[in-house]
1. Go through LYS26/LYS263; LYS88/LYS263; LYS76/LYS263; LYS76/LYS126 and tell me which ones have a Cα-Cα distance over 28 Å in this structure.
2. Name the shape class, rounded, prolate or oblate, that the alpha-carbon gyration tensor gives for the range 33-132, where a ≥ b ≥ c are the square roots of its eigenvalues, rounded holds for a/c under 1.5, and otherwise prolate holds if a/b is larger than b/c and oblate otherwise.
3. For LYS97, go through the aspartates and glutamates and keep the ones whose alpha-carbon is under 18 Å away, minus same-chain ones fewer than eight residues off.
4. Roughly how many percent of the accessible protein surface of the range 137-193 is carbon and sulfur, given a 1.4 Å probe and a whole-percent answer?
5. Students often forget the sequence filter, so: which aspartates and glutamates lie under 12 Å Cα-Cα from LYS159 once same-chain residues fewer than 8 apart are removed?
6. Could you do me a favour and compute the accessible area per residue for the range 35-116, 1.4 Å probe, result in Å²?
Amino acid sequence: MRVGIAVLAALLATLGAATAAEYPIKGEVTGTFEVHVEADPGTQVDTNEYAVVVGSKYVYLIMVEEDDLQDSGKFKTQPFLVPVPADKVEVNGSLVKFPDGLDDTFAAYCLNPMGRHPRGEMVVPKWNEIEDRFVEIKVVAGHGQVRTEERHLAPEWIKAVCKRVEGVVDPGEWKRDAQTIIWVTEAAVPENVQVNVENRVQIDVNATVQVNAQDFFQINESELRELANAGDEMARQLLEFFSNKEELENLVNTAQSALDFVKQHLSDIVTTAQTAKEAYETAKSVFGKIPVSPAVIIVALAALAIFRRRP
């Protein structure tokens with residue numbers, strides 16, 4: 001009997017070790033769009049197997065809430081795009097090694113505006129675990145036509161997004177303009193990344209930012225209010241941001257950055273519709289007469305993509 005128990009315990013320990021080894025890079029959400037990443041010194045992953053993309057400035061980790069990873073179909077939470085400075089890794093072909101390991105906190109850029117902000121343990125999964133999973137993004141075309149599109153987290157699509165946003169993300173600080181640009185890039189880059197330049201997509205950049213930010217806030221609002229009422233400072237600041245009418249001007253600046261980015265970096269596949277300035281003038285004329293109230297929060301829903309963390 002004791003021998004049987006010992007064998008069973010050894011088997012369970014082996015299975016536990018195998019499970020731990022399956023995800024050599026793990027993390028924990030420590031703030032709004034922020035994740036603490038851990039990997040043992042000498043950890044090495046094959047980018048053909050794990051959801052890791054090598055760029056010229058950064059190595060990008062695709063991190064998913066572990067509980068959500070066990071599901072199928074659409075992600076309920078936000079998969080994160082986490083840039084790690086290239087000087088922390090050694091790259092040899094498809095192999096990425098972390099000679100000193102990782103025990104750092106990095107900015108985490110949301111890949112799923114229509115999902116809840118993760119709060120559980122995060123892992124870098126294998127490609128075959130996520131390539132059939134998808135996030136949803138809303139795309140606003142010309143004439144205000146809104147459509148919801150799926151983006152499967154297959155390697156080629158993720159690589160295309162990473163390649164285009166290489167110059168705007170920052171591992172040290174989550175930036176609202178970078179987040180906006182990532183969402184617009186997701187909306188613009190189709191799943192078939194072999195784009196025919198003759199078949200360009202027309203996107204209203206400002207409206208695309210707004211509808212995705214609005215969905216994100218609506219999905220997360222109740223949880224944020226519960227956390228704020230329980231004393232969570234991060235949640236309180238986020239909700240406070242949404243009641244600040246002055247932040248509308250910051251939205252304009254951020255939407256303008258996204259619009260400029262589209263013209264410069266996505267011009268091969270996208271033509272733009274309404275400009276940020278035109279949208280702002282329209283919004284200002286409508287909402288300028290409304291006092292700060294719950295109605296102002298509706299205006300500010302669009303500003304989640306430009307949320308500025310306060311010290």
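1. LYS26/LYS263; LYS88/LYS263; LYS76/LYS263
2. Cα axes put the range 33-132 in the prolate bin.
3. Leaving aside aspartates and glutamates fewer than 8 places away in the same chain, those within reach of LYS97 are GLU22, GLU38, ASP40, ASP46, GLU49, ASP87.
4. After summing per-atom areas, the C and S share lands at 45 percent.
5. GLU186, GLU191
6. On the way: 3240 Å² over 82 residues.
It amounts to 40 Å² per residue over the range 35-116.
The values are calculated or read from the model by the stated rules, or taken from the named source; none is laboratory data. All values derive from a computational prediction rather than experimental measurement. Accessible surface is based on the protein model in full, side chains and every heavy atom, while ligands, DNA and RNA are left aside. Shrake-Rupley method; radii C 1.70, N 1.55, O 1.52, S 1.80 Å.
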